[in-house]
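The values are calculated or read from the model by the stated rules, or taken from the named source; none is laboratory data. If you're wondering where the values come from, they're calculated on a predicted model, not measured in any experiment. Cβ placement follows ideal geometry from the backbone for every residue including glycine, while neighbour counts extend to all protein chains displayed. When the accessible area is computed, the model is the full protein with side chains, heavy atoms only, and any ligands, DNA or RNA have been set aside. Shrake-Rupley method; radii C 1.70, N 1.55, O 1.52, S 1.80 Å.
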Amino acid sequence: MPASHSALRDQLSGGLESPICLTWELTYGCNLACVHCLSSSGRRDPRELTTAEALGVLDELVAMQVFYVNIGGGEPMLRPDFFDIVSYAVDHRVGVKFSTNGTRINAARAERLAAMDYLDVQISLDGATEEINDALRGAGSYASARRAMDHLAATGFGPFKISVVVTRHNVAQLDALESLARHYGAQLRVTRLRPSGRGADSWAELHPTDHQQRYLYDWLRERPQVLTGDSFFHLSALGEPLEGLNLCGAGRVVCLIDPVGDVYACPFVIHDEFLAGNVRAPGGFTSVWRGSPLFASLREPTSAGACASCGSYDACRGGCMAAKFFTGLPIDGPDPECVFGHGVPAAAGAGGSLPRPAADHSSRAVPVRLVSRG
Amino acid sequence: MQDAGPPRAPAPFDPARPWRLHPQVALRDESFGALAYHYGNRRLVFLRSRALVEVVRSLERHASAHEAVAACVPDAERAAHTVALGRLAASEVIDAR
């Protein structure tokens, strides 16, 4: 008999032979400097994987039957071999979903993207207006994202995605963003703001309020067609679960390969504590995924910790590991955005000893700075 | 994970007809059964038992879905597996031949 949903979730929690999908940041180089960048991108790292090494990683993913990769950065299209890597992937039936700020999508590149099977494009846009978007992503970024969308629409690319990180300032624009997606025949994708990378410094000011979280939950419940990358499962404690697996997949069903080949448990925990290995080591990515002691420990059954007495633990599973880690909360306790407020006192009490992201690749002159540190 | 293309209307499931694994779907065995990924609609679907995976893989060799289920699954579990096939047809993991 087919197993129940929770039995399936328990099995997934124990890990898979291969990831369901993985995130691969191709470069830390970026021509923008978004305040909430998960990977603190800006300057290229000189140790970036070479083209041959990148294709070698793809050979492993083919052998492991990884269905698709989420390619990001930095801005992945800044890599001169971007199309070589992406074409190699889709030609070998590793689907590509890639995130871009759109600045490098001109008419010719839009044509090239439209000609590829198994390729999805996600244009990042964090507001329905220039004012809201550019405050986070930098001056001119709204206009360049819209230009990219115009190019994709003109080539008949089909339903590309508009990918929005939900913040305190754009929650009120969700309806407008939905209309914008409809205008382009695009799909709207909304994801959760994480206190990772440069986001560690802006999260406290940018993450949605409790009231906005409730609004977002209801909004998403009414729109199962809006994509979320399964990122708001902490909101499932509010009632009926949102679409998706409602589980932290870090090291269990997903992971991150960074531009220099380091493998982390997920895209939101670029920190030594969650570094599982490097694809350049003997055995490559495959042996990191299957043999890393870190991943083995993440696949152990987890304790509900301080959440054990809460009746909603089965719905939210304590939320996001990365959000807890970078706000100084214990991993086996409530999320800093716990809908019942259980995570807040601990976050407030964590004080000045918060973990810092592994490395800062920010350009030396950062054009966008929403908040000052300290 | 749930990121998928807009749903289209697949053919209604008739277990008396011949079926097959959809040509755009890849199956990957896992301990709980298998993962199925549809490269066209980008949907990921979980096949939650080994027996169901066996049924899906054998569809091509049988004249009907009923026959494939009968060949792979004990009597008491046939109805549940036929229902499961119906769901797989709705998400286009399997396809009418």
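To keep it simple, each residue is scored yes or no on (1) in contact with a Phe, Trp or Tyr (Cβ under 8 Å, 6 or more places away or on another chain); (2) charged (D, E, K, R); (3) more than 17 Å from A:Val253 (Cβ to Cβ); (4) within 12 Å of chain B (Cβ to nearest Cβ).
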position: A:Arg9; (1), (2), (3), (4): no, yes, no, yes
position: A:Glu25; (1), (2), (3), (4): no, yes, yes, no
position: A:Tyr28; (1), (2), (3), (4): no, no, yes, no
position: A:Asn31; (1), (2), (3), (4): no, no, yes, no
position: A:Asp45; (1), (2), (3), (4): yes, yes, yes, no
position: A:Thr50; (1), (2), (3), (4): no, no, yes, no
position: A:Leu55; (1), (2), (3), (4): yes, no, yes, no
position: A:Asp59; (1), (2), (3), (4): no, yes, yes, no
position: A:Met64; (1), (2), (3), (4): yes, no, no, yes
Failed condition for A:Ser41, given (1) surrounded by 23 or more Cβ atoms within 10 Å (Cβ to Cβ); (2) of a type in the set (S, T, N, Q); (3) within 14 Å of another protein chain (Cβ to nearest Cβ)
(3)
Pairs, please: C-beta under 7 Å, at least 6 apart or cross-chain, first residue away from chain B (no Cβ under 14 Å) and under 18 Å from A:Arg223 (Cβ atoms) and in segment A:239-267, second among the charged types (D, E, K, R) and open to solvent by 10 Å² or more (accessible area, probe 1.4 Å)?
A:Glu240/A:Arg221
When restricted to A:Ala52, A:Ala33, the only residue in a helix (DSSP H, G or I), of a type in the set (Gly, Ala, Ser) and surrounded by fewer than 24 Cβ atoms within 10 Å (Cβ to Cβ) is A:Ala52
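Hey, can you tell me all the residues within segment A:278-313 that are in a loop (DSSP other than H, G, I, E, B) and farther than 16 Å from A:Ala250 by Cα? Quick ask: steps written out before the conclusion?
So in segment A:278-313, the residues in a loop (DSSP other than H, G, I, E, B) come out as A:279-283, A:292, A:299-304, A:308-312.
Answer for segment A:278-313, where residues must be in a loop (DSSP other than H, G, I, E, B) and farther than 16 Å from A:Ala250 by Cα: A:Val279, A:Arg280, A:Ala281, A:Pro282, A:Gly283, A:Ala304, A:Ala308, A:Ser309, A:Cys310, A:Gly311, A:Ser312.
Looking at segment A:120-142 only, could you name the residues that are assigned to a helix (DSSP H, G or I), farther than 21 Å from A:Thr27 by Cβ and open to solvent by less than 40 Å² (accessible area, probe 1.4 Å)?
Our first condition is that a residue be assigned to a helix (DSSP H, G or I); within segment A:120-142, this holds for A:130-137, A:141-142.
Among the residues that remain, those that are also farther than 21 Å from A:Thr27 by Cβ are: A:130-135, A:142.
Of everything in segment A:120-142, those that are assigned to a helix (DSSP H, G or I), farther than 21 Å from A:Thr27 by Cβ and open to solvent by less than 40 Å² (accessible area, probe 1.4 Å) turn out to be A:Ile132, A:Asn133, A:Asp134, A:Tyr142.
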What are the residues in segment A:93-119 that are crowded, with 23+ Cβ neighbours inside 10 Å, of a type outside the set (A, V, I, L, M, F, W, C) and touching a Lys or Arg at 6+ places or on another chain (Cβ under 8 Å), if any?
A:Asn101, A:Gly102
Picking from A:Leu193, A:Leu227, A:Leu235, the residue that is within 14 Å of chain B (Cβ to nearest Cβ) and in contact (Cβ under 8 Å) with a residue 60 or more places away in the chain would be A:Leu227
If you go through segment A:85-92 one residue at a time, do you hit one that is more than 14 Å from every other protein chain (Cβ to nearest Cβ), touching a Lys or Arg at 6+ places or on another chain (Cβ under 9 Å), modelled with pLDDT of 95 or more and open to solvent by less than 10 Å² (accessible area, probe 1.4 Å)?
yes
Output for Cβ contacts, cut-off 7 Å, separation at least six or different chains, first residue charged (D, E, K, R) in segment A:154-174, second in a loop (DSSP other than H, G, I, E, B) and surrounded by 14 or more Cβ atoms within 10 Å (Cβ to Cβ), reads A:Lys161/A:Ala186; A:Arg168/A:His207; A:Arg168/A:Pro208
I'm trying to understand the selection: among the residues of segment A:300-329, which are open to solvent by 40 Å² or more (accessible area, probe 1.4 Å) and within 26 Å of A:Val288 (Cβ to Cβ)?
A:Glu300, A:Pro301, A:Thr302, A:Ser303, A:Arg317
In segment B:1-20, which residues are open to solvent by 50 Å² or more (accessible area, probe 1.4 Å) and either within 9 Å of chain A (Cβ to nearest Cβ) or modelled with pLDDT of 90 or more (or both)?
B:Pro6, B:Pro7, B:Phe13, B:Asp14, B:Ala16, B:Arg17, B:Arg20
What residue, among those in segment B:79-94 that are touching a residue at least 40 places away in the same chain (Cβ under 8 Å) and farther than 16 Å from B:Tyr37 by Cα, is surrounded by the most Cβ atoms within 10 Å (Cβ to Cβ)?
B:Thr82
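Out of all the residues in segment A:206-226, which are open to solvent by 30 Å² or more (accessible area, probe 1.4 Å) and either out of contact with any Asp or Glu (no Cβ under 8 Å at 6 or more places or on another chain) or under 26 Å from A:Cys266 (Cα atoms) (or both)?
A:His207, A:Thr209, A:Asp210, A:His211, A:Gln212, A:Arg214, A:Tyr215, A:Asp218, A:Arg221, A:Glu222, A:Pro224, A:Gln225 - these are the residues of segment A:206-226 that are open to solvent by 30 Å² or more (accessible area, probe 1.4 Å) and either out of contact with any Asp or Glu (no Cβ under 8 Å at 6 or more places or on another chain) or under 26 Å from A:Cys266 (Cα atoms) (or both).
Specify which of the listed residues (B:Ala70, B:Ala76) is assigned to a helix (DSSP H, G or I), free of Cβ contacts under 8 Å to residues at least 12 places away in the same chain and more than 13 Å from chain A (Cβ to nearest Cβ). Give the derivation first.
Details: B:Ala76 fails: more than 13 Å from chain A (Cβ to nearest Cβ).
Matching residue, one of B:Ala70, B:Ala76: B:Ala70.
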What are the residue pairs meeting all of these: first residue in segment B:30-58, first residue at the interface with another protein chain (Cβ under 9 Å from one of its Cβ atoms), second residue of a type in the set (Asp, Glu) and outside any loop (DSSP other than H, G, I, E, B), Cβ atoms under 9 Å, and 6 or more apart or on different chains?
B:Leu35/B:Asp29; B:Arg42/A:Asp120; B:Phe46/B:Glu30; B:Leu47/B:Glu30; B:Ser49/B:Glu77; B:Ala51/B:Glu77
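Table: residues versus (1) open to solvent by 10 Å² or more (accessible area, probe 1.4 Å); (2) part of a loop (DSSP other than H, G, I, E, B); (3) touching a helix residue (DSSP H, G or I) at 6+ places or on another chain (Cβ under 6 Å).
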| position | (1), (2), (3) |
| --- | --- |
| A:Glu178 | yes, no, no |
| A:Val190 | no, no, no |
| A:Pro195 | no, yes, yes |
| A:Ala204 | yes, no, no |
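Here are some residues: A:Gly56, A:Gly74. Which one is within 26 Å of A:Asp360 (Cα to Cα) and of a type outside the set (A, V, I, L, M)? It would help to see each step written out before you state the result.
Working: A:Gly56 fails: within 26 Å of A:Asp360 (Cα to Cα).
After ruling out the rest, the residue left standing is A:Gly74.
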Every residue in segment A:344-361 that is of a type outside the set (A, V, I, L, M), open to solvent by less than 60 Å² (accessible area, probe 1.4 Å), within 22 Å of the chain's Cα centre (by Cα) and modelled with pLDDT under 90, please.
A:Pro355, A:Pro357
